[in-house]
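No lab work stands behind these numbers, since they all come straight from the coordinates. All values derive from a computational prediction rather than experimental measurement. Virtual Cβ from ideal backbone geometry, glycine too; neighbours counted across all protein chains shown.
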Amino acid sequence: MSTDSPDTRPDSLLGRVWESIKRHDLPPQDDRARMRAVMSNLLLHLHPAKVAKPAIRFNYTFGLGGLALLLLSILAGTGVLLLFVYTPSPESAYNDMLALQTEIWFGQLIRNLHHWSGNLLVVVAFLHMLRVFYTGGFRSPREFNWVIGLSLLLLVAAANFTGYLLPWDQLAYWAVTVGSSLLGYVPVVGDWLGRLVLGGPEVGAATLTNFYALHIAVIPLVMAGIAGFHIWRVRKDGLTVPRRLDEPPDRKIERVTTWPHLLGREIVFALIVIGLLLFWSSWVDAPLEGAADPDHSPNPAKAAWYFMGLQELLLHFHPVFGAIVIPGLALVALAVLPYLRFDIDAEGIWFRSRRGRGVAIFGMLVGLIATPAFVLLDEYVIDLPSLLPSLPTIISNGWVPLAAILLLLIGYYDMVRRLFGATACEARMSLFTLLLTSFVVLTLIGIFFRGEGMALVVPF
Amino acid sequence: MSESKKITRRDFLKIAWGAAGALALLEAGGIVLKFLSPKAAEGEFGGVFTVGNVEDFPPGSVTPFNAGRFYLVRLADGGFLALYRKCTHLGCAVPWDQTSGRFVCPCHGSEFEPDGMVLNPPAPRPLDRFPVIIEDGVVKVDTGTIIQRDRTGPDDIVYP
Ligand code: HEM
Ligand code: FES
């Protein structure tokens with residue numbers, strides 16, 4: 001039988017095994033083979049066979065989405081290693097961290113890598129969102145993928161928050177105490193919700209068990225599923241194509257094969273990032289303070305740095321507003337952004353248009369000046385609760401300042417439209433920039449300018 | 001009765017299946033929530049503490065009980081009060097400051113009177129309290145029941 005159907009596979013056994021794995025000529029010799037290689041490989045087929053040449057320009061996406069994926073995989077790898085030395089109980093957690101840093105080979109390095117990748121992911125996911133916003137990458141048909149992206153951003157925050165508790169040091173214990181107390185201010189179900197998350201009235205053994213399960217199983221699994229869906233959508237819709245200010249949308253776009261044009265860049269970029277991350281993690285240790293002491297809160301007891309903006313809001317508003325109403329409004333506003341009507345065609349153009357660039361800078365300047373001014377005014381001059389002593393603080397320090405700020409923002413929007421003759425899209429972007437700047441400024445104030453008892457201090 | 005208003009057998013089955021599916025989901029959700037709900041607090045905190053005799057606590061004193069997370073306060077008029085030490089703002093452990101005669105929270109500067117009343121925001125309400133039981137001159141505190149209050153009042157205080 002074998003004599004009249006000759007076997008075309010390689011002669012050696014090893015050769016046949018190798019061929020059965022790769023299935024195609026490697027490396028592929030012509031464009032057709034390169035496209036086939038991309039399509040038929042499980043990992044590579046996340047990419048299309050060909051991509052628009054302008055879309056792979058580094059200064060369009062800055063590789064941020066891909067970088068987020070890379071960080072997710074580094075986090076998964078280092079996280080699994082950490083599981084081997086960590087026990088989630090108040091008696092052993094902190095000692096495990098000490099042992100990890102002093103007795104386990106490369107323990108400190110693995111912890112550092114996990115810590116810094118997690119922190120970097122917050123920044124990267126946020127910047128990626130800004131990139132998508134400022135290039136109009138969320139326009140139809142990509143609206144829903146923007147919403148998916150938002151949920152990924154929330155999951156990244158949740159992963160960081162739950163992971164923050166695990167070392168069980170003072171930093172962890174009190175940041176999580178303060179952070180989870182915010183849940184108590186959710187109307188009606190707040191107390192129940194807080195108890196459910198903490199597993200009791202205070203942060204304790206049950207909290208550690210809950211956070212551990214969330215951090216190592218629930219959040220990563222959900223995130224992997226949603227991130228897969230996010231990428232699949234990008235793959236189906238294609239990436240938006242960058243345009244210069246004067247380029248029409250229906251121009252002829254050159255397309256190149258993904259292999260090697262996009263793949264090459266991705267690999268080089270990933271290697272550079274891995275290198276930098278290794279270097280940084282070899283020199284800068286993740287913080288670890290004294291063991292958690294439920295009897296003594298440190299002064300000041302600060303949240304993790306990415307929650308400092310929220311913490312700063314809390315110092316100015318009634319907690320229901322600082323922790324729930326304002327962040328809730330911001331999230332809803334972000335989620336509906338892509339569903340608002342677009343009145344200019346700007347997909348792929350950084351900052352929408354020439355005027356758009358102007359009003360974005362204007363928004364940034366206003367935010368840079370107004371935010372510190374408001375913080376100082378509220379700290380030293382205005383005391384709404386004592387100006388309006390007959391009202392409960394939820395009104396005098398909640399509804400009243402929120403209404404005032406919303407009115408100012410509406411006034412700002414109107415002014416940008418009149419003063420600069422901006423379109424709705426441009427004015428909206430200017431407003432977004434103003435609020436973004438405020439958020440960043442509040443975060444910086446929280447990190448650098450808040451000292452003992454959360455009083456304003458000058459750090460230098 | 002118009003023709004379209006009639007529910008066909010097919011419609012009925014669709015609705016029934018849908019309802020059964022929704023019910024199953026609800027049940028699954030309920031099971032998960034119930035499974036995850038906090039277990040009764042074991043060990044010291046959450047139980048009843050026998051803290052001592054009435055005479056052990058002079059009027060105008062504040063005595064911390066770390067294991068029970070509370071302060072036993074005896075006011076100047078001899079009344080007893082057990083205050084949960086968790087700040088009502090964002091949950092920090094509030095230390096007693098003997099020199100100022102107040103509770104001063106290190107986290108965001110809330111200050112409270114010995115009876116838990118807010119002297120200084122951001123705390124939105126007085127310190128929570130636990131029931132104090134005095135039987136035959138012995139003082140007990142039930143840390144299983146956290147009592148939240150919007151204002152302090154004479155009902156909070158127990159006299160021997
Ligand atoms: C863990 C977090 C995330 C991962 C791993 C991720 C991954 C990616 C990747 C690989 C791309 C391809 C293009 C690029 O690199 O820019 C992409 C595009 C996109 N992402 Fe994300 N992303 C994340 C979070 C977000 C967030 C927070 C948002 C917005 C709220 C978002 C919205 C979008 C949209 C709308 C696109 C299409 C953009 C276009 O076609 O120009 N993503 N994402
Ligand atoms: S937690 Fe006590 S003042 Fe904020």
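Toward the positive end of the charge dipole of the protein assembly as shown, with +1 on the Cβ of Lys and Arg and -1 on the Cβ of Asp and Glu, the farthest Cα among B:Leu75, A:Val336, A:Leu42 is that of A:Leu42. Placing a label point 7 Å from the Cα of B:Ala28 along the Cα-to-Cβ direction, the residues of the stretch A:210-240 whose backbone N falls under 20 Å from that point are A:214, A:217-227, A:229. For the protein assembly as shown, the fraction of C-alpha pairs more than 47 angstrom apart is 30%. At an R0 of 41 angstrom, the distance between the Cβ atoms of A:Ala224 and A:Trp105 translates into a FRET efficiency of 0.90. Gain on full extension, evaluated as 0.36 nm per residue between A:Leu387 and A:Lys22 minus their Cα-Cα distance, stands at 123.9 nm. Each Lys or Arg adds one and each Asp or Glu subtracts one; over the other residues with Cβ under 15 Å from the Cβ of A:Gly107, this totals -2. The modelled label-to-label distance between A:Val458 and B:Asn53, using points 7 Å beyond Cα along the C-beta direction, is 6.0 nm. Dipole orientation for the protein assembly as shown: of the candidates A:Pro10, A:Trp399, B:Trp17, A:Pro10 has the Cα lying most toward the positive pole (charges on Cβ; Lys, Arg +1; Asp, Glu -1). Its Cα centre serving as origin, the protein assembly as shown has a Cβ charge dipole (Lys and Arg +1, Asp and Glu -1) of approximately 3560 debye. The simple Förster model, with R0 at 41 Å and r as the Cβ-Cβ distance, assigns A:Asp191 and A:Leu365 a FRET efficiency of 0.40.
Where a ≥ b ≥ c are the square roots of the eigenvalues of the C-alpha gyration tensor, would you call the stretch A:1-124 rounded, which needs a/c under 1.5, or, failing that, prolate if a/b is larger than b/c, or oblate? The shape class here is oblate. Packing here is the average count of other Cβ atoms within 10 Å per residue, and on that basis the peptides A:78-89, A:10-21, B:118-129, highest first, run B:118-129, A:78-89, A:10-21. Span-like helix check, chain A: qualifying full DSSP H segments, with Cα axial length of 18 Å or more and mean Kyte-Doolittle of -0.5 or more, are A:64-83, A:107-134, A:143-165, A:219-237, A:258-283, A:354-376, A:400-419, A:424-448.
Binning all Cα-Cα separations of the stretch A:146-276 at 10 Å, short to long from zero, yields these whole-percent fractions: 10, 25, 27, 16, 14, 8, 0.
For the listed peptides B:51-60, A:419-428, a ranking on the average number of other beta carbons within 10 Å per residue, highest first, reads A:419-428, B:51-60. Suppose we look only past 23 Å in the calculated P(r) of the stretch A:31-298. What percent of the Cα-Cα pairs does that tail hold? Counting pairs separated by more than 23 Å, the tail of P(r) holds 60 percent.
Within the P(r) computed for chain B, what percentage of the Cα pairs occupies the region above 25 Å? In whole percent, the share of Cα-Cα pairs in chain B beyond 25 Å is 47.
Whole Å is fine, so just give me how far the alpha carbon centre of the stretch A:344-420 lies from that of the stretch A:111-125. After rounding, the separation between the Cα centres reads 31 Å.
Net charge of the neighbourhood of A:Pro260, taken over other residues with C-beta under 15 Å away and scored Lys/Arg +1, Asp/Glu -1, is +3. Helix B:9-36 and the long axis of chain B differ in direction by around 20°, with both axes built from C-alpha atoms.
Neighbouring Cβ atoms from other chains, within 10 Å of the Cβ of residues in B:100-109, number 5 on average. The Cα-based radius of gyration and maximum Cα-Cα distance (Dmax) for the stretch A:251-321 are 22.9, 68 Å. Is the shape of the stretch A:307-460 best called rounded, prolate or oblate, per the rule: a/c under 1.5 gives rounded, else a/b larger than b/c gives prolate, else oblate, with a ≥ b ≥ c the square roots of the Cα gyration tensor eigenvalues? Verdict is prolate for the stretch A:307-460. In terms of the mean number of neighbouring beta-carbon atoms within 10 Å, the peptides A:324-333, B:108-117, A:385-394, A:91-100 order highest first as B:108-117, A:91-100, A:324-333, A:385-394. Counting, for every residue in B:29-37, the Cβ atoms of other protein chains within 10 Å of its Cβ and taking the mean gives 1.
Summing Lys, Arg as +1 and Asp, Glu as -1, what charge do residues with Cβ under 12 Å from the Cβ of B:Leu81 carry, B:Leu81 excluded?
Neighbour charge sum, excluding B:Leu81 itself: -3.
Here the calculated FRET efficiency for A:Gln29 and A:Ile405, from their Cβ-Cβ distance with R0 = 60 Å, stands at 0.45, rounded to the nearest 0.05. Of A:Lys22/A:Lys236; A:Lys50/A:Lys236; A:Lys53/A:Lys252; A:Lys302/B:Lys86, which ones are farther than 22 Å apart at the Cα? A:Lys22/A:Lys236, as the Cα separations exceed 22 Å there.
The coefficient of translational diffusion for the stretch A:89-176, derived via Stokes-Einstein from the alpha carbon Kirkwood radius under 20 °C and 1.002 mPa s, stands at 141 µm²/s. Taking every residue in A:293-301 and counting other chain Cβ atoms within 10 Å of its Cβ, the average works out to 6. Residues whose amide H comes within less than 5 Å of that of B:Arg102, counting only those at least five positions distant or on another chain, are B:Asp97 (H built at 1.01 Å from N in the peptide plane).
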